[in-house]
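Beneath this line is the structure, given in structure tokens, with notes to follow.
The values are calculated or read from the model by the stated rules, or taken from the named source; none is laboratory data. Worth saying up front: this structure is predicted, and the values here are computed from it rather than measured. Reconstructed Cβ throughout: ideal geometry from the backbone, glycine too, with neighbour counts over all protein chains shown. Surface accessibility is based on the protein's heavy atoms, side chains included, excluding ligands, DNA and RNA. Shrake-Rupley method; radii C 1.70, N 1.55, O 1.52, S 1.80 Å.
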Amino acid sequence: MERGAELTGRAPIILITGGAKGLGRAFAEELGRSGAVVVITGRDQTALLAARDELRAANIVADAVVADATDKAAASAVVEHVEGTFGSLDVLVNNAGLAGPVGPTWELDEGEWWEAMEVNLRGTMVMSSAALMYMVRRQNGRIINIVSHAGVYRWPYATAYSVSKAAVIKLTENLAAETRRLGVTVLSYHPGLVDIGITLAGAEKAAASGNPWEQRIASWIEGERAAGRLTPVAQATAVLRRLTEGAADHRSGEYITFEDELEQ
Ligand SMILES: NC(=O)c1ccc[n+]([C@@H]2O[C@H](COP(=O)([O-])OP(=O)(O)OC[C@H]3O[C@@H](n4cnc5c(N)ncnc54)[C@H](OP(=O)(O)O)[C@@H]3O)[C@@H](O)[C@H]2O)c1
């Protein structure tokens, strides 16, 4: 389905939360190399500016704005910045996320547990709301929420992550129903278990903390890596790019994975 940027032939404008590190950084590079203007956000200014400069060095039109995804005023300001600087926000990729605490749920600190809900769920809701103010008015836009298999299936000992991602998948379904006739697509996307970001950091964190539950997850990831079952970064980013281009607009509300065969 052709929309906005595709119809006019201009470069799509894509905002990626948490775009300076891990998967978000890889998404920014893939989308930028395919011709999109990419705007990345996060809380860590040093990492953001470094990522922005690296993207620009690769001839990508890139901008970076410090913004906490859970902060409504910051979310509105970043969307206004994109609209004011580049003309229109075509695609929002809600990628910012936290892994949350690991261990038997009843032994976890509820504040730490809730922080993952704040970033993963509230952050997605807050950023999406800021973007939808413009997208609905223009009757055009796409929102892609980065989720996980852990939100579809249980993930004992990582319940904040599992429950928050499940909530984002359900938020996606509801937002898609609300915006279906308003020209907006909302999808959730599971990129696979990718050897980057939280997956890559997991083993180091487990070794440093001595937490047996983190070590259990790290051993499982090691087994998946040894069996060649991790998703290549290139596959995770290529499917995301197809979603930003509209390849699954007809499936608004659905949970898409790195294994989905999307029409070219
Ligand atoms: N790696 C995997 O295998 C995998 C698999 C499935 C899903 N995912 C999902 O992919 C997304 C990216 O994860 P990752 O693996 O790349 O982890 P990561 O390297 O830890 O990246 C997380 C990103 O989120 C940002 N962030 C965290 N809290 C934020 C906040 N309050 N406001 C704005 N930005 C915030 C971080 O930037 P700052 O620190 O600068 O704020 C960072 O850029 C997450 O949603 C994760 O659940 C990852």
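When region 199-229 is examined, which residues are found to be within 20 Å of the chain's Cα centre (by Cα) and open to solvent by 30 Å² or more (accessible area, probe 1.4 Å)?
200, 201
List every residue pair whose Cβ atoms lie under 6 Å apart, where the two residues are 6 or more positions apart in sequence or sit on different chains, the first residue falls within region 5-30 and is closer than 17 Å to residue 52 by Cβ, and the second residue, located anywhere, is assigned to a strand (DSSP E or B) and small (Gly, Ala, Ser).
18/42; 20/42
Can you list residue pairs whose Cβ atoms sit under 9 Å apart, with the first residue in region 198-210 being among the hydroxyl-bearing types (Ser, Thr, Tyr) and the second being away from the ligand (no atom under 15 Å from the Cβ)? Count only pairs 6 or more apart in sequence or on different chains.
What qualifies is 209/215.
Say we look at region 128-150 and pick out the residues that are touching a residue at least 40 places away in the same chain (Cβ under 8 Å) and in contact with a Ser or Thr (Cβ under 6 Å, 6 or more places away or on another chain); which of these is farthest from the ligand (Cβ to nearest atom)?
142
Can you tell me which of 35, 19 is of a type outside the set (A, V, I, L, M) and on the phi > 0 side of the Ramachandran plot?
That would be 35, the only listed residue that is of a type outside the set (A, V, I, L, M) and on the phi > 0 side of the Ramachandran plot.
Do we have any residue at all in region 28-45 that's more than 16 Å from the chain's Cα centre (by Cα) and within 11 Å of the ligand (Cβ to nearest atom)?
Yes; the residues of region 28-45 include at least one that is more than 16 Å from the chain's Cα centre (by Cα) and within 11 Å of the ligand (Cβ to nearest atom).
Return a yes/no flag: does region 175-185 have any residue that is within 25 Å of residue 234 (Cβ to Cβ), more than 15 Å from the ligand (Cβ to nearest atom) and in contact with a strand residue (DSSP E or B) (Cβ under 6 Å, 6 or more places away or on another chain).
Yes, because at least one residue in region 175-185 is within 25 Å of residue 234 (Cβ to Cβ), more than 15 Å from the ligand (Cβ to nearest atom) and in contact with a strand residue (DSSP E or B) (Cβ under 6 Å, 6 or more places away or on another chain).
Checking the condition within 16 Å of the ligand (Cβ to nearest atom) and more than 23 Å from residue 247 (Cβ to Cβ), which residue from 80, 118, 110 passes?
118
So, of the residues in region 115-128 that are out of contact with any Gly (no Cβ under 9 Å at 6 or more places or on another chain) and either of a type outside the set (Ser, Thr, Tyr) or not assigned by TED's automatic domain parsing to the domain that holds residue 155 (or both), which turns out to be farthest from residue 89 (Cα to Cα)?
My answer is 118.
Tell me, please, whether a residue that is among the hydroxyl-bearing types (Ser, Thr, Tyr), open to solvent by less than 60 Å² (accessible area, probe 1.4 Å) and not in a helix (DSSP H, G or I) can be found in region 189-197.
yes
When the residues of region 1-27 are narrowed to those that are hydrophobic (A, V, I, L, M, F, W, C) and assigned to a helix (DSSP H, G or I), which ends up farthest from the chain's Cα centre (by Cα)?
In this case the residue turns out to be 7.
Could you give every pair whose Cβ atoms fall below 6 Å, whose first residue belongs to region 176-196 and is without any contact (Cβ under 8 Å) to a residue 40 or more places away in the chain, and whose second residue is of a type in the set (A, V, I, L, M, F, W, C) and open to solvent by 10 Å² or more (accessible area, probe 1.4 Å), counting only separations of at least 6 or pairs across chains?
From residues that are without any contact (Cβ under 8 Å) to a residue 40 or more places away in the chain, the pairs are 195/230.
For region 46-71, name all the residues that are part of a strand (DSSP E or B) and either among the small types (Gly, Ala, Ser) or more than 10 Å from the ligand (Cβ to nearest atom) (or both).
Residues satisfying the conditions are 62, 63, 64, 65.
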